[in-house]
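To keep things clear, I will list the structure first and then write my remarks on it.
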Amino acid sequence: MRTLSCRTRRAEVRGIALLLLTLVGCGRTKAPTTSLTGAAETKPGEAASTIRFRSMAEEAGLQYSWSAPGKRPLTILQTIGNGCAFLDYDGDGNLDILLVGPKPGLFRGDGAGKFTDMSASVLGNLSGYFLGCAVGDFDNDGFVDVYLSGYREGRLLHNEGGKKFTDVTKQAGLPPQAWGTSATWTDLDDDGFLDLYIANYVDFSPQSKPQLCYFPTNDKSKKILSSCGPKYYQPIKGKLYQNKRGKFMDVTQAWGAHKHAGKGLGVAAVDFDGSGHESIAVANDETDGNLFLGEGGGKLRDIGVEANVARDRDGSIHAGMGIDWGDYNNDGKLDLVVTTFRSEAKSLYRNDGERFFSDVSFESGLGRIAMPYVSFGCKFLDADNDGWLDVLIASGHVQDNIEELEDTTYRQPLVLLRNNKGLFDDVSPSSGVEAVGKLVGRGLAVGDFDNDGRLDALIVDSEGKVVLLHNETPQAGHWLLLKLTGKLTHGALINVTLPEGKKLLRHCQTDGSYMSASDSRVHLGLGSATKATVTVKWPSGKTTEHKDLAADRIHTLKE
């Protein structure tokens, strides 16, 4: 999360050139919309179609907003933002919504596009300097629990049978974090219980100096105060806690996570190399990114530099903020996307195998399209069910008075990149996401809240109302939605074979993006295929095959 570009002249020239390329020839057309029920009347499996989203938070019953209290200009702490989550807290098969703020909001979904505020009865009088969330069943009782990260905060909420959440932080032995941001649940010691990794940001307090920094204005004749960048503050390293049947032990150093560079903002775990052990990728702000390779038994080894994901394609440190895993080119290997600051390409790291990645941000088109923005939340999703993972990005600057300093804006548009067989096209104007308007975008989650087979999205506007996007793509392909059940499902790898021989790789996790959590069910776009054979590699090491699953249904797969 930077405040001024510190790149060389070469990088500045490249950024300007790419920005011009982005702006030239980009037409703006208003996207048509359809009703919640009308969109379902079109036939699936037709030719590739234009993606359509419609904003419907108020219509759905979501009354929640964020603000930045205190005098302006805002500090680095005031602009950090918040996260959000899609989760099924009561186990009824319908997604609910968690919105993280000083007083978190919890809304129960009915599976038909309506949400009821259950905050008081389910969360109780919960308040604090909360920022993000991680969703996972840490005690394997069948109901998802929640960890809330925060500034001088951190709460573990146990799900009491889908009725309410109880704060068990002290009993669990989890201390408050200095500045906790994104977090993930993942089993690193192969004992069948989820461990907890929490990223931390920088050492900042009301006593820190400077609180604000002077910057030259557009007219170059004067300087004004604005938010300082992370380079002015010391990094804080992330923390790793081993789950000992509901009690948590700090194993940061013992397991190798102490090698974290600090200034962590995004976290995502997955078994990216098919070793049977989950690894953790951490996006860090103006420091090298980390990739902690899981080697079993809790042992981690940072291979960020040797795997070529620590820096950008030019070997420069960038402002890593959001992060996510997904096989964007359908080659059977999980790739990594990291969102960054303005004039920095959003890095897309292609998994080349042998634990090595190539930054293909420019070749793929993703880096060029999203370059003008300060980007946070990001998720891979197959928005049109064609079998190719698209990317949705939420952006917003970190200086509330940036218009006085540079030729850019504080509030910025959502960006939707459609995957055209490994190359990305900007479909933001025609898809309806641009019609939402500009946001101070931070957290972002995806999930199918009305169970119609099309992935929807939830976005945080740090100085506005919650955004709920309903996917109304009229000619979406066929789909499968897989609910995995077993002792442990986080970390499962799903290999899919379609009748024509096409293969897909997806994974089961709720993390990624920015301080947020997404639908734990695995969504599969099938294109024109009406059935698929699914092979699940469970975290336990067991493999199950499920032949010829009928499309356009929700399937429960048991270990």
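No value in this document is a laboratory result; all are computed from the given coordinates. Please read these numbers as outputs of a predicted model, since none were measured by experiment. All Cβ positions, even for glycine, are placed from backbone atoms using ideal geometry, and neighbour counts span all protein chains on display.
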Exercise for review: Express the C-alpha Rg of segment 207-304 as a ratio against the empirical globular expectation 2.2 N^0.38 Å, rounded to two decimals.
Suggested key: 1.48
Point to revise | Proximal charge balance of Asn420 [Cβ under 10 Å; K/R count +1, D/E count -1] | key: -1
Review point. Expressed in nm to one decimal, what extension gain is obtained for the pair Thr543 and Glu403 from 0.36 nm per residue of sequence separation less their Cα-Cα distance?
Key: 45.0 nm
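Using a ≥ b ≥ c from the Cα gyration tensor of segment 181-247 (square roots of the eigenvalues), is it rounded, prolate or oblate, where a/c under 1.5 gives rounded and otherwise the larger of a/b and b/c decides, a/b for prolate?
Numbers: a/c = 5.66, a/b = 3.52, b/c = 1.61.
Prolate.
At 0.36 nm per residue, minus the direct Cα-Cα distance, what do Glu295 and Glu363 gain on full extension? Give it in nm, one decimal, please.
Values: separation 68, 0.36 × 68 = 24.48 nm, distance 3.20 nm.
Length difference between fully extended and current span is 21.3 nm.
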Point to revise | Radius of gyration and maximum dimension Dmax of the chain, Cα, Å | key: 21.6, 70
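Would you mind calculating the relative contact order of the chain from Cα pairs under 8 angstrom and at least 6 residues apart, reporting the percent as a whole number? Show your work: numbers first, answer last.
Numbers: 1689 pairs, mean separation 99.8, N = 559.
18 percent.
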**Study point:** Alpha-carbon centroids, segment 230-292 and segment 116-159: separation in whole Å
**Key:** 21 Å
Check your understanding: Could you work out Rg/(2.2 N^0.38 Å) for segment 455-545, with Rg from alpha carbons only?
Key -> 1.27
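Mind ordering 418-426, 227-235, 331-339 by average Cβ neighbours within 10 Å, highest first? Numbers along the way, then the final one.
Details: 418-426: 17.6, 227-235: 19.4, 331-339: 23.0.
So the peptides 418-426, 227-235, 331-339, ranked by packing, come out 331-339, 227-235, 418-426.
What shape does segment 97-204 have by the C-alpha gyration tensor, where a ≥ b ≥ c are the square roots of the eigenvalues, rounded means a/c under 1.5, and otherwise prolate means a/b greater than b/c and oblate the rest? Intermediate results must be reported in sequence, preceding the final value.
On the way: a/c = 1.79, a/b = 1.21, b/c = 1.47.
The shape class here is oblate.
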Point to revise | Cα gyration tensor, segment 335-401 - rounded (a/c under 1.5), prolate or oblate | key: oblate
Review point. How much FRET efficiency would the formula 1/(1 + (r/R0)^6) give for Lys487 and Ala120, where r is the Cβ-Cβ distance and R0 is 35 Å, rounded to 0.05?
Key: 0.60
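Among 500-511, 57-68, what's the highest-first ranking by average C-beta atoms within 10 angstrom per residue? If you can, show how the numbers build up before the last one.
On the way: 500-511: 18.6, 57-68: 16.8.
Put in order of decreasing packing, that is 500-511, 57-68.
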Point to revise | Charge dipole (the chain, unit charges on Cβ, about Cα centre) - positive-most of Leu498, Ser364, Thr535 | key: Ser364
Practice item. Pairs of lysines 8 or more apart, or on different chains, with alpha carbons under 20 Å: count those in segment 429-559, would you? Key: 22
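If you stretched the chain out fully between Asn495 and Asp167, how much longer would it get, using 0.36 nm times the residue separation minus the C-alpha to C-alpha distance?
114.3 nm
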Study note, to complete from the structure: At the level of C-alpha centres, the distance separating segment 79-115 and segment 422-496, in angstrom, is 14 Å
